[in-house]
1. Full extension from Ile107 to Thr95: what is 0.36 nm times the residue separation minus their Cα-Cα distance, to one decimal in nm?
2. Would you mind checking which residues have amide H under 5 Å from Tyr227's amide H? H placed 1.01 Å from N; only 5 or more apart, or other chain.
3. Quick one: 3J(HN,Hα) in Hz for the range 165-180, Karplus 6.51/-1.76/1.60 with θ = phi - 60°, rounded, Gly and Pro as x.
4. Kindly state, to the nearest 0.05, the FRET efficiency for Leu83 paired with Leu16, given R0 = 22 Å and r defined as their beta-carbon distance.
5. Can you give the FRET efficiency to the nearest 0.05 for Met180 and Gln152, using r as the Cβ-Cβ distance and R₀ = 30 Å?
6. Along the range 227-235, what does the Karplus equation 6.51 cos²θ - 1.76 cosθ + 1.60 (θ = phi - 60°) give for ³J(HN,Hα), rounded to whole Hz, x for Gly and Pro?
7. Asp45 to Tyr173: extension gain in nm, 0.36 nm per residue of separation minus the Cα-Cα distance?
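Each value in this text was obtained by applying a stated rule to the coordinates, not by laboratory testing. None of the values given here were measured: they were computed from a predicted structure. Neighbour counts are summed over all protein chains in view; Cβ atoms, including those assigned to glycine, are modelled from backbone coordinates with ideal geometry.
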Amino acid sequence: MDFPPPAHPGPAEDQLLVLQGDHRSSFVWEGQLSMQPLRPRRPDDLWEFIGEHPFHARVVARLQATGFYTIFELGWMQLDWSLITALVEQWRPETHTSHLPTGEATITLEDVQVLYGLRVYGRAVALPQYIRSMTRAQFLDMMMHFTGYRPQGDVGDSRVALSTIRGHMAFLYPHITSEMEDLHIKRYTRLALLLLFGCVLFPNTSGSKVSMRFLHHLQELDGLPQYSWGAAAIGHHHLYQLGQEMQQHTDIPAVVDYGRRVAQLARRTVFQARDAVRLDHEAQYATSEDYHQGRGVPQGRDRAQ
């Protein structure tokens, strides 16, 4: 009995999906990749730290007011690595969508709002020009002013190691009490949010640092709910990163040019939203409370109930 030849894993036409030669499915097809599932980076250090240092009730109240506490409630989750590997193998960097038998699929603003409880409308998360031109020494001074902690080293960029933030929070932890001055509660809350930004919402390629530029938005904790953090998170992981990734293919001039335009579009969209104060889109999604009941963070003595 004659069997039909096996189907090729690549696209039938390469006019749009021009990166097939470097796609994971091509290497799988050629037998160059093992059958072991991927093991992506994950913020285990963050959840282990919180497990060992449960938030005081006053810190919990502050985090709840910012709108980020839902993510801390989610905490550590067991992931299906085989499923993630399958989705990665169906992921197309040209379109930032997974090409499935049922059609294309990707992460949407609604996903971010429902799963993380983040706003997807409001003021754009953008930086003024003076923040983007600050030196590391100036960022360190800013860090000292708003968190009470100044990392060592005046040479480098605007990033700070997450391990040093955890170390300082561990030092402060025994002193967080019901009688502590509110200034120090705010500082501890800002440090916790920097960990969240660097580990979960806006991780960089190293997975070990966070930008001190976020201190611009953390100055006024009460103003954080005004911003569209959901749109910022999904934009960081998708549109801008898509443009940057496509520009790495220097052997295909058309792809490089297209990637540059995508990255410019992402930046221009943020700047326009910043100038207009509010995004034009008003989401009609149901509130996250209608969908999600989070698992509480670990409890401790005199901690949140």
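1. Working: separation 12, 0.36 × 12 = 4.32 nm, distance 1.22 nm.
Gain on stretching Ile107 to Thr95: 3.1 nm.
2. Arg123
3. Karplus-based 3J(HN,Hα) across the range 165-180 equals 5, 4, x, 5, 5, 5, 5, 6, 3, x, 8, 7, 10, 5, 8, 5 Hz.
4. Numbers: r = 26 Å, r/R0 = 1.19.
Given R0 = 22 Å and the Cβ-Cβ separation, E is 0.25.
5. Numbers: r = 26 Å, r/R0 = 0.85.
The value I calculate is 0.70.
6. Calculated HN-Hα couplings, in order: 9, 8, 5, x, 5, 5, 5, 5, x Hz.
7. Values: separation 128, 0.36 × 128 = 46.08 nm, distance 1.66 nm.
Roughly 44.4 nm would be gained on extension.
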